[in-house]
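Student: Have a look at the structure that comes next, please.
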Amino acid sequence: MVDRNEVFENLKIWILQLPGVTQAAHRFGGTEFQVEGLEFMHHHGPSFLDIRLSKSDQTAALKSGTAIPHRFAPQAGWVSFRMEKAEDLDSAKKLIKLAYDNAKASMEGHRTRRSQMKLG
């Protein structure tokens with residue numbers, strides 16, 4: 001049997017290898033992962049992940065059953081994901097990569113808008 005903590009540690013190593021990702025303490029416990037200061041994912045223990053997706057990705061993940069609705073902030077694109085076994089790792093990575101890409105694009109858009117405001 002595979003240890004959930006080991007699977008989660010492998011996931012954390014993968015997340016931290018994404019360009020620009022940092023980790024910080026999450027305000028409700030656990031660890032959050034950010035890109036350019038924007039949180040895109042956090043966890044509660046080694047098997048419960050909360051992931052912020054775009055609205056379209058959230059809809060698709062919920063419809064396909066890949067993720068479950070977030071308990072407190074589904075309106076903001078958050079979904080939850082339970083890692084029960086090693087085979088769940090690939091699905092978790094796909095959702096996290098979507099969240100990372102979305103957060104990165106959001107921050108790039110924010111920088112562009114700020115630059116345009118300074119020039120205008």
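The values are calculated or read from the model by the stated rules, or taken from the named source; none is laboratory data. Since this is a predicted model, take the numbers as computed values, not measurements. Counting neighbours? That spans all protein chains shown, and the Cβs are built from the backbone with ideal geometry, glycine included. All accessible areas refer to the heavy atoms of the entire protein, side chains included, with ligands and DNA or RNA removed. Shrake-Rupley method; radii C 1.70, N 1.55, O 1.52, S 1.80 Å.
Student: Given 103, 67, 86, which one is open to solvent by less than 20 Å² (accessible area, probe 1.4 Å), in contact with a helix residue (DSSP H, G or I) (Cβ under 8 Å, 6 or more places away or on another chain) and among the aliphatic types (A, V, I, L, M)?
Tutor: When all the criteria are applied, what remains is 67.
Student: Hey, another quick one. For region 15-94, which fully contained strands (runs of 3 or more DSSP E) count at least 3 residues that are closer than 20 Å to residue 4 by Cβ?
Tutor: Ranges flagged: 31-35, 38-43, 48-52, 78-82.
Student: Give region 21-51 a look and list any residue that's surrounded by 13 or more Cβ atoms within 10 Å (Cβ to Cβ) and among the small types (Gly, Ala, Ser), or say none.
Tutor: Selection gives 30, 47.
Student: Given the criterion under 20 Å from residue 10 (Cα atoms) and in a helix (DSSP H, G or I), identify the matching residue among 99, 105. Don't jump to the end; show me each part of the working.
Tutor: Numbers: 105 fails: under 20 Å from residue 10 (Cα atoms).
Being under 20 Å from residue 10 (Cα atoms) and in a helix (DSSP H, G or I) holds for just one of 99, 105, which is 99.
Student: If you don't mind, there's one more thing I want to ask. Tell me, which residue of region 1-26 that is over 13 Å from residue 42 (Cβ atoms) and in contact with a Pro (Cβ under 6 Å, 6 or more places away or on another chain) is modelled with the highest pLDDT?
Tutor: 5
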